[in-house]
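A.B. asks: Structure in structure tokens, see below.
Nothing in this text is a laboratory measurement; each read-out follows from the coordinates by a stated rule. Only a predicted model underlies this, so the values are computations on that prediction, with no experimental measurement involved. Heads up, the Cβs are rebuilt from the backbone with ideal geometry, glycines too, and the neighbour counts pull from every protein chain shown.
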Amino acid sequence: MRGYHLGKFVLGGLLLVISCKREKKDATEDIGHAPVTTIEVWLIKGADTIRGRYKDPDGPGGRPPAIDTLRPRANETYTYVLRILDESGNPTKDLTELIFSQQKNTHRMFFFPTPEELVTIQIGDTDDFGRPVGGRGTWRQGIDTIREGIVRFLLRHYLNPADKDFGLERGSTDLDVRLPIRIQN
């Protein structure tokens, strides 16, 4: 009987070690990245390209960020593409591919327009599980009676890919900025 209990103890310990190794492996697959200091929003329609940018290379509390106003046309539909950078050092690091492709299972960009009717943003890229990522998609600019507003860009980073299913409830924030929108005439 004593050998039976000892065997259960050894088997239980072995399962614990195996499961811990699996968790450690999952955590190290998402190797993290440099700090996000800059987001560029590119709106593309045919030959027409519009760019807005939020840049804060020294991070919160330092010099004020440089913020470009995004100037789309009312009632237009664009393809949007985001570019994410770390401009805190030299050279600048482009994190776009890392975040939206290599680590797409553990990242998601959320968009919050104010007022809500300002723009409709449809995410066009998905991760390996069919969940939205947010690096590119469709940007439908609202009617011309709403001349200006803001869009909040919130990039969430999840340590465990399953946590992405919980949206804003889990994960940490890699970027949380607001970009002003002003409709072109």
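A.B. asks: How do the peptides 172-181, 102-111 rank, highest first, by the average count of neighbouring beta carbon atoms within 10 Å per residue?
C.D. replies: Those peptides, ordered most packed to least, come out 102-111, 172-181.
A.B. asks: About its Cα centre, how strong a charge dipole does the stretch 37-182 have in debye, to the nearest 20, once Lys and Arg get +1 and Asp and Glu get -1 at the Cβ?
C.D. replies: That gives the stretch 37-182 a dipole magnitude of about 280 debye.
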